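Working notes, structure below.
The values are calculated or read from the model by the stated rules, or taken from the named source; none is laboratory data. Quick caveat: nothing in here was measured; it's all calculated off a predicted structure. Note: ideal-geometry Cβ built from the backbone for every residue, glycine included; neighbour counts use all protein chains shown. Side chains included, ligands, DNA and RNA excluded: accessible areas come from the protein's heavy atoms. Shrake-Rupley method; radii C 1.70, N 1.55, O 1.52, S 1.80 Å.
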Amino acid sequence: MNDPDITIPKGSGIYSLLLELKKDMCITVGALGEIKFPAGYYSYTGSARGGGGFGRIRRHLDVAAGRNPTRRWHIDYLLPRTIPRSVVLTHTDQDLECQISKTIGSHTETIHRFGSSDCSCIGHLHLEKDMDKLVRIVTNAHDIKGLFKNFIPFNIHV
């Protein structure tokens, strides 16, 4: 993966990383075990409200590109098999991760227990077969309480 023209803004908040999985795959995901991931487009929603803020997205891109071999979170097992396509960011200090994820999940297929081991959500990873539809769903979910959001498409060549 080549990502020299990706600029992640400073700040903190909630993000949804949009990924493409080109073919069906079975992947062992830490303690969750083996999961079958159908080909399609995925949205992974997470919090970047900690010390590193939206710098967490750069870490995700490094894992996807093979520059970071660490497997700490569920998403770390899926990222190397995907192509990151875009990210939606909401600048906020409010705890909106689960609310945004549930909104996305109400319009997509949720991957059960993925990314939600520290909350009561069904999952924070969602599947949609149509990328344009997924972008609309995710940006609408982030358009919460009139908070500022960014949509950043990635120009990644594989």
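Summary of values
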| item | result |
| --- | --- |
| Single unsatisfied condition, residue 138 versus (1) part of a loop (DSSP other than H, G, I, E, B); (2) under 19 Å from residue 74 (Cβ atoms) | (1) |
| Residues located in the range 65-116, provided they are in a loop (DSSP other than H, G, I, E, B) and small (Gly, Ala, Ser) | 66, 106, 115, 116 |
| Filter result (over 9 Å from residue 48 (Cα atoms) and either surrounded by fewer than 19 Cβ atoms within 10 Å (Cβ to Cβ) or touching a Gly at 6+ places or on another chain (Cβ under 6 Å) (or both)) within the range 9-23 | 9, 10, 20, 21, 22, 23 |
| From the options 102, 129, residue that is among the basic types (Lys, Arg) and under 19 Å from residue 21 (Cβ atoms) | 129 |
| Conditions (1) at pLDDT 95 or above; (2) outside any strand (DSSP E or B); (3) charged (D, E, K, R): number failed by residue 36 | (2) |
| The range 71-115 - residue that is over 23 Å from residue 144 (Cβ atoms) and of a type in the set (D, E, K, R) and, of those, least open to solvent (accessible area, probe 1.4 Å) | 76 |
| All positions within the range 88-142 that are free of Cβ contacts under 8 Å to residues at least 60 places away in the same chain, out of contact with any strand residue (DSSP E or B) (no Cβ under 6 Å at 6 or more places or on another chain) and among the β-branched types (Val, Ile, Thr) | 103 |
| Qualifying residue in the range 139-156 (condition: farther than 21 Å from residue 27 by Cα, among the small types (Gly, Ala, Ser) and open to solvent by 60 Å² or more (accessible area, probe 1.4 Å)) | yes |
| Residue that is farthest from residue 89 (Cα to Cα), among those in the range 50-70 that are surrounded by fewer than 20 Cβ atoms within 10 Å (Cβ to Cβ) and of a type in the set (Gly, Ala, Ser) | 66 |
